[in-house]
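Okay, so here's the structure we're looking at.
The values are calculated or read from the model by the stated rules, or taken from the named source; none is laboratory data. Note that this is a predicted model, so its numbers are computed, not measured. Ideal geometry is used to build each Cβ from the backbone, glycine not excepted, and the neighbour counts take in all protein chains shown. Ligands, DNA and RNA are stripped out before the accessible areas are found, and what is left, the full protein with its side chains, is counted by its heavy atoms. Shrake-Rupley method; radii C 1.70, N 1.55, O 1.52, S 1.80 Å.
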Amino acid sequence: MIVFGSLLASLHTKLNQPFGGDTLSWIFTLLIYIFFAISILYGQRIQLYVWLREVEGSLYKLKRIRDEGRKIAVETIKEIGKPADDPTERVDRFLEYFTIQPVSMDPARVVWKLEHILDVRDNRFKDEVKLMAPAADKTQINNLENTLEAALALNTIYKIIRHYYLLGKKTLSLYIIMQLQMIMPMIMREAEAYASALKAFAYGQPIGDGAGALVAAKLMRGYQKRKIAKDVVVATVPIEGRTAYVLKAEGPGGNVAKPGEAIKQLIEENNGKIASIIIIDAALKLEGEKTGEIAEGVGVAIGGPGVEQYKVEESLLQYKVPINAIVIKEDIADAVSPMRKEIFEATEDAINRIKRLIKERTKEGDTVIIAGIGNTIGIGQ
């Protein structure tokens with residue numbers, strides 16, 4: 001208030017001076033004082049409205065992406081599934097589905113409760129797709145389910161952003177709008193990635209997340225396969241004088257299956273006599289890293305809610321089996337978009353690293369497990 005008072009006094013002095021002299025100068029000074037006063041009194045409110053307009057523009061773009069995703073899902077179901085009735089109503093209902101995780105206040109058996117919920121969810125989704133697309137085969141059903149899940153993700157993102165935008169606008173909360181405006185570039189990047197994923201799932205194209213599955217497919221090519229767990233196939237492959245059990249989700253339909261269950265069963269089949277386990281998966285890269293870079297480490301490189309990772313870790317603890325991981329780096333857009341050339345070429349380097357790990361960490365005659373993790377859409381065996 002003291003500063004504002006001094007500004008008014010200075011302005012009063014200038015206005016009381018003779019009109020002669022530089023008229024433009026004192027008018028310009030007057031405008032500066034007015035602007036400065038407005039910025040002090042209403043600057044925060046002006047900034048709030050600027051941020052609201054920016055978020056509103058992004059929200060309109062999100063809505064277009066969401067609507068386009070819904071349209072692609074409906075058209076793909078009509079084209080592949082040949083439904084007798086218009087599936088639009090069922091698709092709209094599907095886009096509102098939600099999953100409630102089990103209570104974790106008492107952690108006893110919470111992993112198995114979560115697995116049961118996820119199994120029910122997966123079966124429900126597949127049943128819905130079968131009703132929407134009666135003419136679709138198993139591979140097409142998996143692809144359509146993935147398409148609908150991408151559309152569901154877009155719908156969820158749009159509704160959450162709309163909620164906070166309207167809440168911030170309604171309450172004129174600077175902090176809600178400021179945080180929303182700050183994270184919008186990352187939200188838009190993720191939404192655009194899911195939009196790319198929709199087209200890949202609709203056409204059954206391999207995506208970046210399938211890098212680990214592609215490595216396993218290359219290793220098991222030409223060898224006899226068998227089912228080891230739900231939607232998981234395994235082949236016995238001789239590598240560098242060792243016996244390797246190579247496994248992946250069953251393709252070419254969109255599927256991640258239960259690799260943790262498969263690894264657990266293979267360990268038990270061999271009474272824990274496994275010299276090493278090598279897991280290959282895609283991993284989120286940091287900014288500045290190149291797409292397709294490969295890194296090695298230890299641990300169970302299986303993403304998702306953690307159920308499959310838990311199963312493997314329990315078996316490792318019981319039998320003291322060494323675990324190695326190889327990851328192919330990519331960003332979120334690469335993971336759900338059609339597979340880029342750099343990722344495809346990186347799978348050959350990953351195979352060479354697997355062979356080197358086997359030679360360095362095991363002896364001839366040993367038994368190893370090689371697990372290719374990831375969505376196996378467009379990738380057979």
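May I ask you to verify whether Tyr33 is of a type in the set (Ser, Thr, Tyr) and modelled with pLDDT under 85?
Details: of a type in the set (Ser, Thr, Tyr): yes; modelled with pLDDT under 85: yes.
Considered against the rule, which asks whether it is of a type in the set (Ser, Thr, Tyr) and modelled with pLDDT under 85, Tyr33 comes out as yes.
When you look at Val111, is it over 22 Å from Gly254 (Cβ atoms), in contact with a helix residue (DSSP H, G or I) (Cβ under 8 Å, 6 or more places away or on another chain), surrounded by 13 or more Cβ atoms within 10 Å (Cβ to Cβ) and not charged (D, E, K, R), yes or no? Answer is yes for this residue. Within the range 156-176, residues that are more than 18 Å from Leu48 (Cβ to Cβ) and in contact (Cβ under 8 Å) with a residue 60 or more places away in the chain have Cβ atoms under 8 Å from residues that are hydroxyl-bearing (Ser, Thr, Tyr) and in a helix (DSSP H, G or I) in these pairs: Ile157/Tyr194, counting only partners at least 6 apart in sequence or on another chain.
Search the range 162-214 for residues being among the polar types (S, T, N, Q) and in a helix (DSSP H, G or I), and hand back the single one that is farthest from Val74 (Cα to Cα). Per the criteria, the residue is Thr171.
Does the range 315-374 hold any residues that are in a helix (DSSP H, G or I) and at pLDDT below 90, and which are they? Break it down into steps so the answer makes sense when it comes.
As a first pass, look at the range 315-374 and keep what is in a helix (DSSP H, G or I): 315-319, 332-336, 341-361.
Passing the criteria: Ile332, Ala333, Asp334, Ala335, Val336.
When the test is whether a residue is closer than 17 Å to Asn143 by Cα and touching a strand residue (DSSP E or B) at 6+ places or on another chain (Cβ under 8 Å), Ile207 passes it.
Would you check which residues across the range 122-152 are in a helix (DSSP H, G or I) and among the charged types (D, E, K, R) and list them? Before the answer, list the steps.
Here is the first cut: in the range 122-152, the residues in a helix (DSSP H, G or I) are 122-132, 138-152.
If the condition is that a residue be in a helix (DSSP H, G or I) and among the charged types (D, E, K, R), then Asp122, Arg124, Lys126, Asp127, Glu128, Lys130, Lys138, Glu145, Glu149 are the ones that fit.
Would you confirm whether any residue within the range 81-97 is closer than 24 Å to Glu308 by Cα, without any contact (Cβ under 8 Å) to a residue 60 or more places away in the chain, out of contact with any Phe, Trp or Tyr (no Cβ under 8 Å at 6 or more places or on another chain) and polar (S, T, N, Q)? Checked against the condition, which is being closer than 24 Å to Glu308 by Cα, without any contact (Cβ under 8 Å) to a residue 60 or more places away in the chain, out of contact with any Phe, Trp or Tyr (no Cβ under 8 Å at 6 or more places or on another chain) and polar (S, T, N, Q), the range 81-97 yields no hits at all.
Among the residues of the range 260-281, just one is touching a residue at least 60 places away in the same chain (Cβ under 8 Å), open to solvent by 10 Å² or more (accessible area, probe 1.4 Å) and closer than 22 Å to Leu118 by Cα, namely Asp281. The strands (runs of 3 or more DSSP E) found wholly in the range 215-310 and carrying at least 2 residues that are in contact with a strand residue (DSSP E or B) (Cβ under 7 Å, 6 or more places away or on another chain) and closer than 15 Å to Val327 by Cα occupy 276-284, 294-298.
Return yes or no: is Ile354 in contact with a Pro (Cβ under 7 Å, 6 or more places away or on another chain) and either polar (S, T, N, Q) or under 23 Å from Thr243 (Cα atoms) (or both)? Here the answer is no, as Ile354 does not meet what is asked.
In the range 259-280 there is at least one residue matching the filter, namely being at pLDDT 95 or above and under 19 Å from the mean Cα position of the chain (by Cα). Scanning the range 338-355 for residues that are touching a helix residue (DSSP H, G or I) at 6+ places or on another chain (Cβ under 7 Å) and open to solvent by 20 Å² or more (accessible area, probe 1.4 Å) yields Pro338, Met339, Arg340.
Please enumerate the residues belonging to the range 53-82 that are modelled with pLDDT under 90 and surrounded by 16 or more Cβ atoms within 10 Å (Cβ to Cβ). If the condition is that a residue be modelled with pLDDT under 90 and surrounded by 16 or more Cβ atoms within 10 Å (Cβ to Cβ), then Gly81 is the only one that fits.
Of the residues Ala244, Ala200, Ala235, Ala229, the single one that is hydrophobic (A, V, I, L, M, F, W, C) and within 24 Å of the chain's Cα centre (by Cα) is Ala200. Considered as a group, the residues in the range 356-373 that are open to solvent by less than 10 Å² (accessible area, probe 1.4 Å) and either under 20 Å from the mean Cα position of the chain (by Cα) or of a type in the set (Gly, Ala, Ser) (or both) include one that is farthest from Ile228 (Cα to Cα), and that residue is Gly372.
Screening the candidates Tyr223, Tyr203 for the property of being open to solvent by 50 Å² or more (accessible area, probe 1.4 Å), of a type in the set (Phe, Trp, Tyr) and either touching a Leu at 6+ places or on another chain (Cβ under 7 Å) or in contact (Cβ under 8 Å) with a residue 12 or more places away in the chain (or both) yields one hit, Tyr223.
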